[in-house]
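Trainee: Have a look at the structure that comes next, please.
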Amino acid sequence: MSKSTLLGVCLIGTGRAGMIHARNFALGRMAGARLTAIVDPVEQARCTARQELQLERVYADYREALLDPDVEAVVVATPSEYHCGIVVAAARAGKHILCEKPMAMNALECDRMLAAVEQAGVKLQIGFMRRFDTGFVAARQRIVSGEIGQVVLVKSLTYGPSIPKPWMYDIRQSNGPLSEVNSHDIDTLRWFTGSEVEEVYAIAGNYRSPDARQSHPDFYDNVVLSARMKNGMQGSICGAQGVRYGYDARCEILGEKGLITVGSLAAAAVTTHTAAGSTTPIVPSWTDLFLDAYRAEDEDFVRCIRENHPPRAGGIDGKAAVQVVSAGNRSIRQRRPVRLDEEGVTAT
Ligand SMILES: NC(=O)c1ccc[n+]([C@@H]2O[C@H](COP(=O)([O-])OP(=O)(O)OC[C@H]3O[C@@H](n4cnc5c(N)ncnc54)[C@H](O)[C@@H]3O)[C@@H](O)[C@H]2O)c1
């Protein structure tokens, strides 16, 4: 690709996350890149996206898009179970890839994706957009500058408003909220501690999804995971789906000499948030909270390709998060602490 031309980007999957990327890449909105095509097997989704984005090239099958020479990079925002197959095919077709989190369903799939991008010599960036959020970036800088001394504990929570979709009820297929909701928190833990996870213990339960209780007794919509990091630091993750009141993403970093917080800390000592309303203003959705982070993430994807930098969050980071999800789900099932180096966690 010459530096004077615009990088041709194709969006695969025109749902909630996909359309945020599509709007960022749409013609004239981002230096150095333009959206050239979109893919979605669902006709209604394709039509709506085509109309909004005013695009001619609209495909039902991603394999057709991969044959298009004007497509130089792809954004993969399909349901997570398809990430591996699409990323491997895109790499083989020589396309650079921005893949939404979670990278894949298990470590074996991650290894296949890593091998394919390595062999093709293309970029693979994982959609951990919190690494581009100004609050999270500032917290990381403060950690590194030593403001709170040695980090002792990173606590990260994400509570999402959406009711789980029925396909999520089968934990073995969906990997549950640890994967869909908390992949970001797992990445934050690794990023802020500068260490890999050594061992986790997780408990979980179904508190808000009565429909799933009979048919899927394993399903959980609330989870608490404790982690021991390899460097001795502690990690704590809370996750919830279907909280309804809004989108809640907060993080605390406790050090030997102080505390850093990311996310809102309301002035009032006691607040209440329900579907009916909140006693203080709140963020309704992740699409509001992280809109700027998505844009910075997409801009950096283009910069990485044009200037040949490694992505801020790559396949190794994606795989590490997937392994913590596997260990966490095993811990929930077996009601015991699970080490990351246990057989089956690295490649199930
Ligand atoms: N970074 C984030 O914070 C964030 C937020 C939401 C979702 N996500 C991730 O993005 C991905 C998509 O989630 P979503 O909520 O946007 O889902 P969604 O259901 O809103 O959209 C998915 C779209 O992909 C399409 N699709 C299905 N199979 C396809 C295929 N083979 N080829 C092309 N398109 C296909 C569907 O028709 C649908 O339009 C998931 O991996 C999810 O975990 C990330």
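Trainee: Find out how many positive minus negative residues lie around V197, taking Lys and Arg as positive, Asp and Glu as negative, among other residues whose Cβ is under 10 Å from that of V197.
Mentor: +1
Trainee: Another one. Anyone know which of G135, G246, G28 comes out most mobile in the 10 Å Cα GNM of the chain?
Mentor: Of the options given, G28 has the highest mean-square fluctuation.
Trainee: If you don't mind, another one. Please give the peptides 318-325, 85-92, 37-44 ranked by average Cβ packing (other Cβ atoms within 10 Å per residue), highest first, as a rough proxy for protection.
Mentor: Listed from highest to lowest mean packing, they are 318-325, 85-92, 37-44.
Trainee: Further question on the same structure: Say the dipole of the chain comes from +1 at the beta carbon of Lys and Arg and -1 at that of Asp and Glu; which of L189, L178, A212 then lies farthest toward its positive end?
Mentor: Comparing the listed Cα positions along the dipole, L189 ranks first.
Trainee: Against the longest principal axis of the chain, how steep is helix 43-53, in degrees 0 to 90 to the nearest 10, with axes from Cα atoms?
Mentor: Value to nearest ten degrees: 80.
Trainee: Whole percent per 10 Å bin, from 0 to the bin with the longest distance: what is P(r) over all C-alpha pairs of segment 1-79?
Mentor: 21, 58, 19, 2
Trainee: Mind pulling the angle between the C-alpha long axis of helix 291-307 and the longest principal axis of the chain? Nearest 10 degrees, somewhere in 0 to 90.
Mentor: Approximately 50 degrees, to the nearest 10.
Trainee: Calculate the FRET efficiency for L108 and E307 from the Cβ-Cβ distance with a Förster distance of 41 Å, rounded to the nearest 0.05.
Mentor: It comes out at approximately 0.80.
Trainee: Dipole of segment 84-123, Cα-centred, from +1 at each Lys and Arg C-beta and -1 at each Asp and Glu C-beta, to the nearest 20 debye?
Mentor: Here segment 84-123 has a charge dipole of around 140 debye.
Trainee: Here is the link list: K155/K257; K101/K123; K95/K165; K257/K319. Which ones come out longer than 25 Å on Cα distance?
Mentor: K95/K165; K257/K319, as the Cα separations exceed 25 Å there.
Trainee: What's the local net charge at Y207, with K and R +1, D and E -1, over the other residues with C-beta under 11 Å away?
Mentor: Summing Lys and Arg as +1 and Asp and Glu as -1 gives +1.
Trainee: Sticking with this structure for a sec: Say the dipole of the chain comes from +1 at the beta carbon of Lys and Arg and -1 at that of Asp and Glu; which of I282, V324, G13 then lies farthest toward its positive end?
Mentor: Positive-most Cα among the choices belongs to I282.
Trainee: Top mean-square fluctuation among R190, R57, R330, Gaussian network model of the chain, C-alpha springs under 10 Å?
Mentor: R57
Trainee: Something else: May I ask you to evaluate 6.51 cos²θ - 1.76 cosθ + 1.60, the Karplus curve with θ = phi - 60°, for each residue of segment 94-107 and list the ³J(HN,Hα) values in order in whole Hz, giving x for glycine and proline?
Mentor: Taking θ as phi minus 60°, the curve returns x, 9, 6, 9, 10, 10, 4, 6, x, 3, 6, 8, 7, 5 Hz for segment 94-107.
Trainee: Which is farthest toward the positive dipole end of segment 78-151 among A89, Q125, P79, measuring Cα position about the Cα centre, with Cβ charges +1 (Lys, Arg) and -1 (Asp, Glu)?
Mentor: Q125
Trainee: What does the net charge come to around P161 if you take all other residues with beta carbon closer than 9 Å to its beta carbon, with K and R at +1 and D and E at -1?
Mentor: Local charge sum for P161: 0.
Trainee: Here is a further query. Between T272, T158, T14, find the one with the highest GNM mean-square fluctuation for the chain; connect C-alpha pairs within less than 10 Å.
Mentor: Answer for the Gaussian network model of the chain: T272.
Trainee: Mind running the shape call on segment 74-123? Use the C-alpha gyration tensor, a ≥ b ≥ c as the square roots of the eigenvalues: rounded below 1.5 for a/c, prolate if a/b tops b/c, oblate otherwise.
Mentor: oblate
Trainee: Given H placed 1.01 Å from N in the peptide plane, which residues other than close sequence neighbours of E199 have an amide H under 5 Å from its amide H?
Mentor: Answer set, sorted by chain and number: R228, L340.
Trainee: If a/c stays under 1.5 just call it rounded; otherwise compare a/b with b/c (prolate if a/b is bigger, oblate if not). Do that for segment 132-238, with a ≥ b ≥ c from the square roots of the Cα gyration tensor eigenvalues.
Mentor: Prolate is the answer for segment 132-238, as a/c is 1.5 or above and a/b outweighs b/c.
Trainee: What do you get when you divide the Cα radius of gyration of the chain by 2.2 N^0.38 Å, with N the number of residues?
Mentor: Cα-based Rg divided by the globular estimate yields 0.98.
Trainee: Quick one: angle between helix 183-193 and the longest Cα principal axis of the chain, in degrees between 0 and 90, rounded to 10, please.
Mentor: 70 degrees
A short reminder: the numbers here are calculations on the coordinates, not readings from a lab. It should be emphasised that the depicted structure is a prediction, and the values quoted were computed from it without experimental measurement. With ideal geometry, Cβ positions are generated from the backbone for all residues, glycine too; neighbour counts draw on all protein chains shown.
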